[in-house]
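First comes the structure, then the notes that go with it.
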Amino acid sequence: MIDRLHQFQDDTFHRSDETLAVVRIAFFFFALAPGAIKSLGWATEFPDWLRDPPPGLPSLIGAVPPSPVLSLVVAGAFAAAAAGFVGFKTRVACLAYSGLMLVHHSVEYSFGKIDHDLLIVLMPAILASTGWGNAYSVDAALARSRPLDAVRPALDNARALAVLYSVWAVAFFTAAMAKIEGGWLSPSSQMAGNWVQFYRIVHPFEPILARVVVGMPVPVRELLDWGTVIIELAPLAALLLPRVARWIPLAAIGFHLGVLLAMGINFAGFMVVYMPLIASPNLGSRLRAAASRLPMSMWLGVAALSVASWRWIVLPGIELLGADDGWRAPLPGVAQFAIPCGLALWAALDRGRPAHPDEAGWIDRGTPRAVRAAEAVQATVR
């Protein structure tokens, strides 16, 4: 079993530092987006008897901290996200972000609905030991001016990504077990259809596919129940099938997209978790090679044009077409799904192509080949 787990790690999750650096930039870009780190000022306005913290860290915090402390938590999380985005003291920034956001979420969860986003918060801490701060970062720029021996090497990237995958797989497994205990596999339940009908009633808009799901024949709705449970069991089962593990997150993306369109529940935040799991191992070097062929001004122009077209062309076009809220409300979430789907397509097309020469030793980090390569570089520097 141990050998199979090692094969799962080695065959599935090798990523270069440059590839993980792209993921780091994308993660903290979304972390800095408006609304990602919410203010906690409202928490001090509620009486303490309304608090009902769930087990764990929320129950250990006790009373709501004073307003200045909450403001410090929010400001610290913003500062840590900004440092992670530019790659300054990356490991410290990642650990600080995850720790502060755990406190942030503990305060939120003590007063109401618990969101399923703890894995997003934990992701920087899980990947803090990787080399995702060794490229496209301030740390990398500073390291060029230091002796090679002073550069702190990253741990095995594949090991950290295997941990991230395993935590996600266990989270999905617990969700599947809760559904099994709740009767989702009973032939007479049709729980997925019932939940779609519930959200169709409580939402201020009718999700796009809600009416389609509710109108399905009973056997088809029962298949939706079984399909949901199977998808949530699949990540853990993939530990026995390493070759398909990379594509399980892609199936989960389709699952989340269906939930968004049928129930109006947006799990688009999980896309940043799936990005490193499905990205091509050579993504970072391919992007660097492409960037070297075009001037920076052109890249900035493309980015500005993309933002402007979404803000002043796509959204107004939806308004002009008269689309109702059932179509308009999930569009930002659907747009976020396009990013990991594009990475998955890239990974499929890039499969089997050789890595960039600069990444020749990243696969066997810590093995004799990598040690010999490092010694050769050190001898060259000396």
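The values are calculated or read from the model by the stated rules, or taken from the named source; none is laboratory data. These figures come from a predicted structure and were not determined experimentally. FYI the Cβ positions are ideal-geometry reconstructions off the backbone, even for glycines, and counts take in every protein chain you see.
Quick notes
- Residue list for the stretch 111-138, restricted to those being buried (at least 22 other Cβ atoms within 10 Å of the Cβ) and in contact with a Lys or Arg (Cβ under 7 Å, 6 or more places away or on another chain): A128, W132, G133
- Considered as a group, the residues in the stretch 15-29 that are within 20 Å of R246 (Cβ to Cβ) and either of a type in the set (A, V, I, L, M) or not in a helix (DSSP H, G or I) (or both) include one that is farthest from the chain's Cα centre (by Cα), and that residue is S16.
- Count of the stretch 57-75 residues which are out of contact with any helix residue (DSSP H, G or I) (no Cβ under 6 Å at 6 or more places or on another chain), touching a residue at least 24 places away in the same chain (Cβ under 8 Å) and in a loop (DSSP other than H, G, I, E, B): 1
- A158 vs. criteria part of a helix (DSSP H, G or I), touching a His at 6+ places or on another chain (Cβ under 7 Å) and surrounded by 16 or more Cβ atoms within 10 Å (Cβ to Cβ): yes
- Single unsatisfied condition, A169 versus (1) aliphatic (A, V, I, L, M); (2) at pLDDT 90 or above; (3) within 17 Å of I25 (Cα to Cα): (3)
- Tally of residues being farther than 19 Å from L122 by Cβ and surrounded by fewer than 21 Cβ atoms within 10 Å (Cβ to Cβ) across the stretch 264-280: 2
The rows are residues; the columns are (1) closer than 23 Å to V170 by Cβ; (2) β-branched (V, I, T); (3) more than 18 Å from the chain's Cα centre (by Cα).
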position	(1), (2), (3)
I37	no, yes, no
A81	no, no, no
C94	yes, no, no
S98	yes, no, no
V121	yes, yes, no
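- Hits in the stretch 62-77 (condition: among the hydrophobic types (A, V, I, L, M, F, W, C), loosely packed, with under 15 Cβ neighbours inside 10 Å and farther than 16 Å from Y97 by Cα): A63
- When residues of the stretch 204-247 are limited to those that are over 23 Å from Y274 (Cβ atoms) and of a type in the set (D, E, K, R), the one surrounded by the fewest Cβ atoms within 10 Å (Cβ to Cβ): R211
- None of V213, V229, V218, V202 is β-branched (V, I, T), closer than 14 Å to I265 by Cβ and either touching a strand residue (DSSP E or B) at 6+ places or on another chain (Cβ under 6 Å) or touching a residue at least 12 places away in the same chain (Cβ under 8 Å) (or both) except V213.
- Screening F29 on (1) within 29 Å of A175 (Cβ to Cβ); (2) surrounded by fewer than 18 Cβ atoms within 10 Å (Cβ to Cβ); (3) at pLDDT 85 or above; (4) in contact with a Gly (Cβ under 7 Å, 6 or more places away or on another chain) shows it passes everything except condition (4).
- Number of residues in the stretch 80-102 that are crowded, with 22+ Cβ neighbours inside 10 Å and not small (G, A, S): the value is 5.
- Of note, F78 satisfies the criterion of being in a helix (DSSP H, G or I) and among the aromatic types (F, W, Y).
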